[in-house]
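Below is one structure, written out as structure tokens; the observations come after it.
The values are calculated or read from the model by the stated rules, or taken from the named source; none is laboratory data. Note that the structure is predicted; figures quoted are calculated from it, not measured. As a convention, Cβ positions derive from the backbone with ideal geometry for all residues, glycine included, and neighbour counts pool all protein chains shown. We work out accessible area using only protein heavy atoms, side chains counted, and drop any ligands, DNA or RNA first. Shrake-Rupley method; radii C 1.70, N 1.55, O 1.52, S 1.80 Å.
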Amino acid sequence: MDTIYALASARGKAGVAVIRVSGPRAHDAVRDLCGGVPEARVSSVRPVRDGDGALIDQALVLVFDEGRSFTGEAVAEFHLHGSPAIVAAVQRRLSDIGLRLADPGEFTRRALENERLDLAEVEGLGDLIEAETEAQRVQAMRVFSGALGEKVESWRIRLIRAAALLEATIDFADEEVPEDVTPEVAGLLSGVRAELAAEAAGAEVAERVRDGFEVAIVGPANAGKSTLLNRLAGREAAITSEIAGTTRDVIEVRMDLRGLPVTVLDTAGLRDSDDVVETLGIELARKRAAHADLRVFLLASRDEAPLLDVAAEDIVLTGKADLGDGDVSGKTGQGVDALVDRIAGILEKRASGVGVAIRERHRVALKEAIGFIDLAGQELRYGIERSELAAEALRRGIAALDALVGRVDVEHILDEIFASFCLGK
């Protein structure tokens, strides 16, 4: 197996740069560059030299033994002064002694192959690296810490128990079964199914926490939508004017709203128009509003009715409070803090139902497992003579759960997952 290396810290000038090495020759690389290998897991300041013996840098060096590292292989880390010239010289030296530059995500892929992480933990690590808000960090950390794997193991144990009970009845097919296992099996299936359904229901919300909620500001032309967006964004994100129909496209501003990732949409004013371009913008506004997680209807007056259907949690307000009896003003900020609190409260309530299944792949696997459990239950209701079919359905349900954490049938998605990782991970 190749020994690989890569810069594990950010590129560019920095106080410290970290180069990670993993593979069977990792400790030999330290010996070649530093003249010796420090004790495992004990940091040591060592000179790092080039092939001619000239000093490249004084580095803090760490080594980890096989089986006791992130990748599960022998690993070394060079903590260097963060000069691009120093990093380039050390990487050149590692290449000269026969090591290979790592592919994106290759360190983590080796951790998966060496069973240091399961697939869900790998996905959690990827999300943790990309996390921009507190909610994203907390969610990713739960998955990276193995919460989904623990749940899967609990579900597997109970389903395996149920399948074993059914297999026992098959062994006694020509004899009197010692006891009726149907009540215990039914209880196990019912309990697991309920937990799977709850987790699947939270997966869609979890995906929104990961990718961001969408909040659309909708309403008639010249109601103050773009001014409100600018106030929320804290910058001039949208062009504002007294001319109705100024906004023709959907303008998106991504922000951290009370720790939640939110994209606020400023949409074209809803009205009848003979302008072809404006009409296209209005149609786009209707589509984006329909698919948004939450809509803020900004009306010109209190006696005006929204031009779209209002869902239960949608917020209806009157704009331009600075000019009269309105609820909110993007120009002066009146009512904006209260609006932010309302939006955050609604989205936080939705996010509270988040589990540890955070991707569409997870939701599909959970639904597949539920389907096999339902099939097993159906076979069980036909009588004990259908135990073999029920047991087979449970085996397939267990396989669906195994795919969740990468035990089986995941090769086709690995390249996609690791493509998003940096070289040093």
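Within the full protein context, the accessible area of residue 382 is estimated at about 120 Å² for a probe radius of 1.4 Å. State whether the stretch 1-121 is rounded, prolate or oblate according to the following rule on the C-alpha gyration tensor (a ≥ b ≥ c being the square roots of its eigenvalues): a/c under 1.5 gives rounded; otherwise a/b larger than b/c gives prolate, and the remaining case gives oblate. It comes out prolate by the Cα gyration axes. Number of Lys-Lys pairs in the chain with C-alpha atoms under 22 Å apart and a separation of 8 or more places or on different chains: 6. Calculate the FRET efficiency for residue 302 and residue 132 from the Cβ-Cβ distance with a Förster distance of 41 Å, rounded to the nearest 0.05. Rounded to the nearest 0.05, the efficiency is 0.65.
Binning all Cα-Cα separations of the stretch 102-208 at 10 Å, short to long from zero, yields these whole-percent fractions: 13, 30, 25, 18, 10, 4, 0. In this structure the amide hydrogen of residue 218, modeled in the peptide plane, comes within under 5 Å of the amide hydrogens of 296, 297, 298, none closer than 5 places in sequence on its chain.
First compute the accessible area of the chain with a 1.4 Å probe, then give the percent of it belonging to carbon and sulfur atoms. Heavy-atom surface of the chain belonging to carbon and sulfur, 1.4 Å probe: 50 percent.
Using θ = phi - 60° in the Karplus curve 6.51 cos²θ - 1.76 cosθ + 1.60, the 3J(HN,Hα) couplings for the stretch 128-137 round to 5, 5, 8, 4, 10, 10, 5, 4, 5, 4 Hz; x is entered for Gly and Pro.
Only protein heavy atoms count here; under a 1.4 Å probe, residue 190 has an accessible surface of about 80 Å². Residues with amide H under 5 Å of residue 56's amide H, sequence separation 5 or more or different chain, H placed in the peptide plane at 1.01 Å from N; which? Under 5 Å from the amide H of residue 56: 48, 49, 50.
Within the shell defined by Cβ-Cβ distances under 11 Å, the residues around residue 74 carry a net charge of -2, with Lys and Arg each +1 and Asp and Glu each -1. With semi-axes defined as the square roots of five times the eigenvalues of the C-alpha gyration tensor, the equivalent ellipsoid of the stretch 298-339 measures 19, 13, 6 Å, largest first.
Averaging 1/r over every pair of different alpha carbons in the chain and inverting the result gives a Kirkwood radius of 26.0 Å. Of all beta bridges DSSP finds with both residues in the chain, what is the antiparallel percent, to the nearest 5? Looking only at bridges with both residues in the chain, the antiparallel portion is about 65 percent. Per residue, the chain exposes an accessible area of 48 Å² to a 1.4 Å probe, with every protein chain left in place.
In the chain, which longest range has no GluC sites (Glu not before Pro) that are both DSSP loop (not H, G, I, E or B) and surrounded by at most 12 other Cβ atoms within 10 Å? The reported range is 243-425.
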